[in-house]
1. What does the charge add up to near ALA274, with Lys and Arg as +1, Asp and Glu as -1, over the other residues with Cβ less than 14 Å from its Cβ?
2. Which values of log₁₀ I(q)/I(0), to two decimal places, follow from the Debye formula for the stretch 242-287 at q = 0.19, 0.26, 0.28 Å⁻¹ with a uniform point scatterer at every Cα?
3. Could you order the peptides 179-191, 285-297 from most to least packed, using the average number of other C-beta atoms within 10 Å per residue?
4. Highest first, please rank the peptides 155-161, 92-98, 26-32 by the mean number of other Cβ atoms sitting within 10 Å of their residues.
5. Work from the charge dipole of the chain (Cβ charges, +1 for Lys and Arg, -1 for Asp and Glu, about the Cα centre) and give the residue of PRO47, VAL114, GLY310 farthest towards its positive end.
6. Size of the dipole of the stretch 74-209 about the Cα centre, Lys and Arg at +1 and Asp and Glu at -1 on the beta carbon, nothing else charged, in debye to 20?
7. Explain nothing, just the number: dipole magnitude of the chain about its Cα centre with +1 on each Lys and Arg Cβ and -1 on each Asp and Glu Cβ, in debye rounded to the nearest 20.
8. Evaluate E = 1/(1 + (r/R0)^6) for ARG53 and GLU130, where r is the Cβ-Cβ distance and R0 equals 35 Å; express this FRET efficiency to the nearest 0.05.
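The numbers here are math on the coordinates, done by the rules we state, and not lab data. Everything quoted here is computed from the prediction, not taken from an experiment. A quick note on method: Cβ atoms are made from the backbone with ideal geometry, for glycine too, and the neighbour counts reach across all protein chains shown.
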Amino acid sequence: MEYSLRKDTEFARDVSVGLSGNNKFLSSKYFYDHKGDELFQKIMQLPEYYLTRKEFSILEEHHRCIMERILDFPEFNMVEMGAGDGLKTKILLEYLYNQKANFTYYPIDISGNVLKQLETSLHVSYPGIEVSPIVSNYKNALQDPLWNRKTKTLLLFLGANIGNFVWDDAVKVLRKIARSLQEGDMALIGFDFKKDPELILRAYDDSQGVTKDFNLNILTRINKELGGNFDLTKFKHWPVYNPVNGECRSYLVSLVEQEVTIEALKQRFKFKKAEAIHTEVSKKYDKDELLLLAEDSGFEVLENFEDCDGYFTDSLWRK
Ligand code: AVI
């Protein structure tokens with residue numbers, strides 16, 4: 001197979017850098033190819049993965065209070081980063097539709113297909129609703145905001161996606177969000193709270209092994225797209241939760257000493273026995289950290305909407 005055309009992609013470059021040093025790493029943003037999307041959908045249904053269910057319950061319980069803040073304005077934008085299938089957001093959209101609110105929904109997603117499906121399903125369920133999809137990554141979408149900046153904006157960043165950034169990177173992303181907004185605009189951001197370490201660890205090490213497959217899929221992707229010859233049976237999925245900094249980190253640990261070739265890169269990578277590749281961070285927060293994070297990024301916390309167990313919060317911030 002010919003991989004030379006693909007060697008200059010961001011993926012190829014990141015894989016080359018990530019596997020070349022002593023502390024090997026691959027970015028979790030590369031989990032999400034077609035197979036990865038499917039596995040993530042399954043993860044969200046797992047009994048151990050409480051995050052999605054908890055956030056769903058928060059939106060079901062508190063959507064009126066959340067929306068009250070923006071319904072004060074005669075007209076507004078609702079912008080959503082990483083909209084996906086919009087399942088959770090439909091709770092908010094249904095409420096706004098029933099309230100006959102005057103707003104435009106701007107779902108942002110890297111996948112045009114996903115956005116097309118979302119737009120079609122919204123037009124069926126809520127005819128007349130204004131939907132203006134933005135096919136883009138976060139960075140570009142925030143750099144050149146396409147929404148009408150003259151009207152108030154509520155930006156949604158749900159699903160604990162911010163947890164996939166370590167603190168400094170989270171601050172950078174949130175500052176970019178702040179820059180894309182006007183004074184008085186709001187953001188609703190999903191955070192997973194620190195809690196019993198066992199519950200957290202189980203969410204990332206489920207009994208059916210779906211999260212293991214999700215983690216290993218990054219190696220399958222390298223095999224498929226870059227002509228790698230990773231043997232998946234020679235790597236172990238290993239999540240670790242640190243209750244001090246709230247970081248749940250996932251690794252792929254090499255079970256043997258081995259060498260892997262990646263054709264497109266024309267490179268070989270050596271793995272010592274027990275050497276790890278760091279693949280993901282899922283940071284958990286406490287309330288004091290939320291206040292600090294908001295302040296550091298140019299926001300004030302208006303209100304935390306939590307589920308009944310206090311596992312998760314959708315935190316409403318104002319610029
Ligand atoms: C997308 N993101 C918030 C998920 C998380 O919980 O960090 C991705 C995930 N990784 C393993 N399970 C789910």
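1. Values: positive: LYS24, LYS234, LYS236, LYS270, LYS272, LYS273; negative: GLU257, GLU275.
Overall, the nearby charge balance is +4.
2. Once normalised to I(0) and log-transformed, intensities are -0.71, -0.91, -0.97.
3. On the way: 179-191: 20.0, 285-297: 16.2.
Answer by packing, highest mean first, reads 179-191, 285-297.
4. Details: 155-161: 22.9, 92-98: 17.1, 26-32: 19.0.
Sorting 155-161, 92-98, 26-32 by mean packing, highest first, produces 155-161, 26-32, 92-98.
5. Value computed over the given set: VAL114.
6. Values: 15 positive and 17 negative charges, 81 e Å.
With only Lys, Arg, Asp and Glu charged at Cβ, the dipole is about 380 debye.
7. Values: 42 positive and 50 negative charges, 192 e Å.
With only Lys, Arg, Asp and Glu charged at Cβ, the dipole is about 920 debye.
8. Numbers: r = 30 Å, r/R0 = 0.85.
The calculated FRET efficiency here is 0.70.
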